[in-house]
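Engineer: Take a look at this one; I'll ask things after.
The values are calculated or read from the model by the stated rules, or taken from the named source; none is laboratory data. This one's a predicted model, so the numbers in the text were calculated from it and none came from an experiment. Virtual Cβ from ideal backbone geometry, glycine too; neighbours counted across all protein chains shown. Please note that ligands, DNA and RNA were not included when accessible areas were found on the heavy atoms of the full protein model with its side chains. Shrake-Rupley method; radii C 1.70, N 1.55, O 1.52, S 1.80 Å.
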Amino acid sequence: MEKDFLWWRDGVIYQIYPRSFADSNNDGIGDLQGIISKLDYLADLGVDALWLSPIYPSPDRDFGYDVSDYFDIDPKYGTLADFDQLVSEAHKRNLHIILDLVLNHTSDQSEWFKQSRSSKENPYRDWYLWRSAPKGQQPNNWHSVFGGPGWQYDAATGEYYFHMFVPEQPDLNWRNPQVYQKMMDVFRFWLERGADGFRLDVFNEYFKDAQFRDNPPKLGIRAFDAQVHKYDVSQPEMFTALKDIRTILDSYPERYAVGETFLASTEEAAAYIGPNKLHAGFDFNFLSCPWNPQRFLKVIMKWDSLLAEDAWPNYVLNNHDQRRSASRYGQGENDERLKVAATLLLTLRGTPFLYYGEEIGMRNVPLKRSELQDPVGIRFWPIPVGRDGCRSPMQWNDHKNAGFCETMPWLKVHPDFVIRNVTAQQAEPDSLLHFYKKLLAIRKATPALQKGSFVPLTYEPRRLLAYLRQDAEQTVLVVLNFGKRKVRFAAGPRLRGDWQLLLSNKRSSVPAIKDGWLPLMGNEASIYIRKS
Ligand code: NOJ
């Protein structure tokens, strides 16, 4: 029988960028012992699972997303023993561990790639995508999303290998049965060590066209965008792999996989979720939503309507690749809108994903070009500026380097840490941190907020969003004013009866509904529950 509370469906997932979370050995880089030292903080915050961006050995050409060994922990983060300790300490606190598996490509420093590039006859040759081309030409017209051609010439054997990301991230050949089996072994290895789930990096990129056909052209400014990505992504063989991955996961209790799609429409992303496929996937459209209730509602309705009945939505305002929501929506140091955004995220029908520092409203750190670390920023500055801005060290307190480390951190700390940090917000009852904690506690205590249906009450909203979350026992009303002026919401017959205030950033009791209108203060976020 299915459990009432499924951690990955009914809980909340918190993404940690391990490099920047907590540094236990003072080398300027976060590590596993650092995370262990913060587990009480995370349990107290009220999240249910931690997704760790990659922690495997990596030369960091793409900060962990270039893995040189899938079966170990990078010494800068700790050891396998530290990982085991993390799993057992997390489990003691009811926190689940989700690992980031980057299986589309390895680092060029992986033993497999070193072998592969050494000669055409090497048994590992076919583990990667090698092609030849006449002098001065490329094997086909595929590009790297990080800029330039997708093919890198390798003088040792006079052939090209394909890389969707930087040249130091050669793509694996998933059509090779040994590679395929090895990838399945990676899942088994970490499941055996107690991982509860996986986030699959660009999983729909695993397979490419077997004939390496040219992508058809289309209009676009960058070369990468001036083609339809018909042959270098989302090939149908993916479904067989998903089925096999799912079979492995299902042979362990309550394990989970969430997929990051690459260049996929919402429709395509939705098609990868369900039985025999992934448990969940991302639709990243919140990440580019302007501060407009109608746009948010559209994203929600579209995502929800495209998912199969037994598939479960996710919602995310932040991750390690995008400008932080606090920078997108916050106004200066004002967090009013962030409380509205948090209430939206944590009251939707779908698993909310938080990103470290979101709970204290961390902003993108402003960086000079010379301070950049991200290969994308270094290559394309100033448009785009790269992804470093959202990866700065966690702001724990107002001590040196925000309490992250004593020495020089790998990336600059946001200078607002003197006022914006965990300790300061813990001491301030109205802080964003306390608001997130209350939201998380209410979601956990209210089954209708987890699995209840989502019933929008505003259709083409310009200023506010109102919706119900309902199950057989409970009806919850959420009202969110996106604007700074007072508004009134037409409380139709559905809102008759007695309501109790569960949480509000602006009021302490239920307001009088005069002549059928529910009043809202500027930037109000309130949650009511119908009294039984
Ligand atoms: C998606 C990850 O989120 C991003 O950070 C990374 O650069 C690429 N995949 C390549 O692994």
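Engineer: Using the structure shown, decide if Asp232 is surrounded by 14 or more Cβ atoms within 10 Å (Cβ to Cβ), assigned to a loop (DSSP other than H, G, I, E, B) and within 16 Å of the ligand (Cβ to nearest atom).
Structural biologist: yes
Engineer: Next question. Within the bounds of region 359-380, is there any residue that is within 16 Å of the chain's Cα centre (by Cα), in contact (Cβ under 8 Å) with a residue 60 or more places away in the chain and surrounded by 20 or more Cβ atoms within 10 Å (Cβ to Cβ)?
Structural biologist: Within region 359-380 (the criterion being within 16 Å of the chain's Cα centre (by Cα), in contact (Cβ under 8 Å) with a residue 60 or more places away in the chain and surrounded by 20 or more Cβ atoms within 10 Å (Cβ to Cβ)), the answer is yes, since at least one residue qualifies.
Engineer: Taking the options Asn314, Asn334, name whichever one is out of contact with any helix residue (DSSP H, G or I) (no Cβ under 8 Å at 6 or more places or on another chain) and within 16 Å of the ligand (Cβ to nearest atom). Quick ask: steps written out before the conclusion?
Structural biologist: Working: Asn334 fails: within 16 Å of the ligand (Cβ to nearest atom).
Result: Asn314 is the single residue among Asn314, Asn334 that is out of contact with any helix residue (DSSP H, G or I) (no Cβ under 8 Å at 6 or more places or on another chain) and within 16 Å of the ligand (Cβ to nearest atom).
Engineer: Any chance region 175-182 includes a residue that's in contact (Cβ under 8 Å) with a residue 24 or more places away in the chain, out of contact with any Lys or Arg (no Cβ under 8 Å at 6 or more places or on another chain), more than 16 Å from the ligand (Cβ to nearest atom) and hydroxyl-bearing (Ser, Thr, Tyr)?
Structural biologist: yes
Engineer: Oh, and also: Out of region 149-173, which residues are within 15 Å of the ligand (Cβ to nearest atom) and closer than 20 Å to Phe212 by Cα?
Structural biologist: Answer for region 149-173, where residues must be within 15 Å of the ligand (Cβ to nearest atom) and closer than 20 Å to Phe212 by Cα: Gly150, Phe162, His163, Met164, Phe165, Val166, Pro167, Gln169, Pro170, Asp171, Leu172.
Engineer: Say whether the condition of being in contact (Cβ under 8 Å) with a residue 60 or more places away in the chain, within 16 Å of the ligand (Cβ to nearest atom) and under 22 Å from Tyr180 (Cα atoms) is met by at least one residue in region 71-92.
Structural biologist: No: zero hits.
Engineer: What are the pairs, 6+ residues apart or on separate chains, where a residue within region 441-461 that is outside any helix (DSSP H, G or I) has its Cβ under 7 Å from a residue that is of a type in the set (Gly, Ala, Ser)?
Structural biologist: Leu457/Ala466; Thr458/Ala466
Engineer: Restricting to region 256-267, name every residue that is away from the ligand (no atom under 16 Å from the Cβ) and surrounded by 21 or more Cβ atoms within 10 Å (Cβ to Cβ).
Structural biologist: The one that is away from the ligand (no atom under 16 Å from the Cβ) and surrounded by 21 or more Cβ atoms within 10 Å (Cβ to Cβ): Tyr256.
Engineer: If you scan region 290-303, which residues turn out to be free of Cβ contacts under 8 Å to residues at least 40 places away in the same chain and either small (Gly, Ala, Ser) or in a helix (DSSP H, G or I) (or both)? Steps first, answer last, please.
Structural biologist: First, the residues of region 290-303 that are free of Cβ contacts under 8 Å to residues at least 40 places away in the same chain: 290, 295, 298-299, 302.
Residues satisfying the conditions are Arg295, Lys298, Val299, Lys302.
Engineer: Further, regarding this structure: Kindly provide the set of residues from region 186-229 that are more than 16 Å from the ligand (Cβ to nearest atom) and among the aliphatic types (A, V, I, L, M), ordered by number.
Structural biologist: Listed by number, the residues that qualify are Leu191, Ala195, Ala210, Leu219, Ile221, Ala223, Ala226, Val228.
Engineer: Hey, any hits in region 304-321 for a residue that's assigned to a helix (DSSP H, G or I), open to solvent by 20 Å² or more (accessible area, probe 1.4 Å) and closer than 19 Å to Val258 by Cβ?
Structural biologist: From region 304-321, those assigned to a helix (DSSP H, G or I) are 304-306; that's our starting set.
Among the residues that remain, those that are also open to solvent by 20 Å² or more (accessible area, probe 1.4 Å) are: 304-306.
Subsequent filtering for residues that are closer than 19 Å to Val258 by Cβ retains 304, 306.
Yes.
Engineer: Any residue that is under 30 Å from Ala466 (Cα atoms), open to solvent by 50 Å² or more (accessible area, probe 1.4 Å), in contact with a helix residue (DSSP H, G or I) (Cβ under 6 Å, 6 or more places away or on another chain) and at pLDDT below 95 - is there at least one of those in region 268-282?
Structural biologist: Checked against the condition, which is being under 30 Å from Ala466 (Cα atoms), open to solvent by 50 Å² or more (accessible area, probe 1.4 Å), in contact with a helix residue (DSSP H, G or I) (Cβ under 6 Å, 6 or more places away or on another chain) and at pLDDT below 95, region 268-282 yields no hits at all.
Engineer: Further, regarding this structure: Quick one: is Tyr329 crowded, with 23+ Cβ neighbours inside 10 Å and either closer than 23 Å to Arg391 by Cβ or within 16 Å of the ligand (Cβ to nearest atom) (or both)?
Structural biologist: Spelling it out, it is not the case that Tyr329 is crowded, with 23+ Cβ neighbours inside 10 Å and either closer than 23 Å to Arg391 by Cβ or within 16 Å of the ligand (Cβ to nearest atom) (or both).
Engineer: OK, next. When only residues in region 489-517 that are within 35 Å of the chain's Cα centre (by Cα) and of a type outside the set (A, V, I, L, M, F, W, C) count, which is most open to solvent (accessible area, probe 1.4 Å)?
Structural biologist: If we take residues in region 489-517 being within 35 Å of the chain's Cα centre (by Cα) and of a type outside the set (A, V, I, L, M, F, W, C), then Ser508 is most open to solvent (accessible area, probe 1.4 Å).
Engineer: Among the residues of region 241-255, which ones are acidic (Asp, Glu) and either within 16 Å of the ligand (Cβ to nearest atom) or assigned to a helix (DSSP H, G or I) (or both)?
Structural biologist: Asp244, Asp250
Engineer: Still on this model: Mind listing whichever residues of region 372-424 are within 16 Å of the ligand (Cβ to nearest atom), part of a helix (DSSP H, G or I), closer than 22 Å to Asp335 by Cβ and touching a Leu at 6+ places or on another chain (Cβ under 8 Å)?
Structural biologist: Selection gives Gly389 alone.
Engineer: I've got another one for you. In region 256-275, which residues are more than 17 Å from the chain's Cα centre (by Cα) and in a helix (DSSP H, G or I)?
Structural biologist: If the condition is that a residue be more than 17 Å from the chain's Cα centre (by Cα) and in a helix (DSSP H, G or I), then Glu267, Glu268, Ala271 are the ones that fit.
Engineer: Which ones in region 125-135 are more than 16 Å from the ligand (Cβ to nearest atom), open to solvent by less than 70 Å² (accessible area, probe 1.4 Å) and either assigned to a helix (DSSP H, G or I) or of a type in the set (Ser, Thr, Tyr) (or both)?
Structural biologist: Arg125, Trp127
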